[in-house]
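The values are calculated or read from the model by the stated rules, or taken from the named source; none is laboratory data. Keep in mind it's a predicted model, so treat the numbers as computed, not measured. Backbone-built Cβ (ideal geometry, glycine too); neighbour counts: all protein chains shown.
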Amino acid sequence: MIVIITIDIVVLSATLLSDQGPQRMEAPWWWPLVTVLMAGAHCVALVDQEASDLIHSGPQDSSPGPALPCHKISVSNIDFAFKLYRQLAVNAPGENILFSPVSISLALAMLSRGAPGASRTKLLEGLGFNLTVVPEAEIQEGFWDLMLRLPGQGPRLLLTMAQHRFSGLGTRANQSLEEAQKHIDEYIEKQTQGKLGVWEKDLSSETTAVLVNHMLLRAEWMKPFDSRATSPKEFFVDEHRAVWVPMMKEKASHRFLHDPELQCSVLQMDHAGNTTTFFIFPNRGKMRQLEDALLPETLIKWDSLLRTRELDFHFPKFSISRTYRLEMLLPQVTVDGGFPGQPGLNISKVTHKAMMTLDEKGSEAAAATSIQLTPRPHPDLDLSPTPGTEFSRPFLVMTFHMETGSMLFLGKIVNPLG
């Protein structure tokens, strides 16, 4: 089972700002995070269609249905994810990485709806959107459509997500900071089923409002591993260190490829329901080359090359969690919509936490972001056998929601023990 949980918390402070007001810390050199290199509207439509086809649930030879509003934002969201991943990899070399691109994007898109003109533009451009190509109304419609389409529940799949606003905080509020923090903690624990553990204390006397975005994914494999075949094996964290981990074993048909250009292997494993996960295993010493090549176009290329193969492989069980402070992603912005009587709130803290567990039955993951204001696999079949594959070195993991083309989770497993 794969279990993934995320939470995003945005903390808003009472400091009043305007779009022309005092400057905060200068935006880092890599702002905006994403520059979408597209020549025009026709190119955007073409690339978006290809990207959505990558994880679309319809068979290859069927007539494509009408594009969903969320498809218009999928490429920018994926590009944003890869840009953020590379920045996190630079900041923490040799460490596990895990975050939910869609959870972060939805939290910041929610903020943009309440921001005045200039700040709203900065937020959306920071998420990778070119407003001269994709109108703001289409972007907001895409995120709203995404919120409606992502949740799903069935016997072998649970995908939930929601957003909640806690306002009326601060020195003039009727409740103490301790009471407000306890209320928020209880909400997060309930919504993520206690999977994210202790939440860091984000509130201060200047905190006026807190926005919480959370997501929980629990999905079983279409082809589960046999737990009786799991046994301890070495996983090589780097050239000098190995750890013993429970290594699962399976012989089954999955989509697989070896990319000679990027010198990596790609394994796609489907979950019950509407999600799928890609595992990318670079050749020894080629992780950096792979990370530099992460682009929406790379996913499209892989999708065209993946073939169903009979595989005999070993794969590590793992359970990891990561917490990030992301307010450095934002330029100076203010937020006033949706908070009556509290114009010009300053974003003082953005926290993102994600957890992912993968075992024989599937995976479970969760994520949350808080902001504090101070295509279905193509039926290609290759019956030729592949050599035994063992995922015993660091690899990348990407989980997608197929209908919407959204990247739910992106990570790098350096040490399966956390």
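Of ALA272, ALA242, ALA229, all but one fail to be of a type in the set (Gly, Ala, Ser) and within 27 Å of the chain's Cα centre (by Cα); the exception is ALA272. Residues in segment 212-225 that are assigned to a strand (DSSP E or B) and not aliphatic (A, V, I, L, M) were compared, and the one that is nearest to GLN163 (Cα to Cα) is ASN213. Residues that are within 18 Å of ILE5 (Cβ to Cβ), surrounded by fewer than 14 Cβ atoms within 10 Å (Cβ to Cβ), among the basic types (Lys, Arg) and out of contact with any Lys or Arg (no Cβ under 8 Å at 6 or more places or on another chain) do occur in segment 185-193, at least one of them. Being buried (at least 19 other Cβ atoms within 10 Å of the Cβ), at pLDDT 90 or above and part of a strand (DSSP E or B), is that true of even one residue in segment 282-299? Yes; the residues of segment 282-299 include at least one that is buried (at least 19 other Cβ atoms within 10 Å of the Cβ), at pLDDT 90 or above and part of a strand (DSSP E or B).
Taken over segment 126-161, the criterion of being of a type in the set (Gly, Ala, Ser) and either loosely packed, with under 14 Cβ neighbours inside 10 Å or assigned to a helix (DSSP H, G or I) (or both) is satisfied by GLY126, ALA137, GLY142, GLY154. When GLU261, GLU206, GLU250 are checked against the criterion of being in contact with a helix residue (DSSP H, G or I) (Cβ under 9 Å, 6 or more places away or on another chain), surrounded by 18 or more Cβ atoms within 10 Å (Cβ to Cβ) and either farther than 30 Å from HIS314 by Cα or not polar (S, T, N, Q) (or both), GLU250 stands alone in meeting it. Just one of the numbered conditions (1) closer than 14 Å to ASP8 by Cβ; (2) modelled with pLDDT of 90 or more is not true of GLU138: (1).
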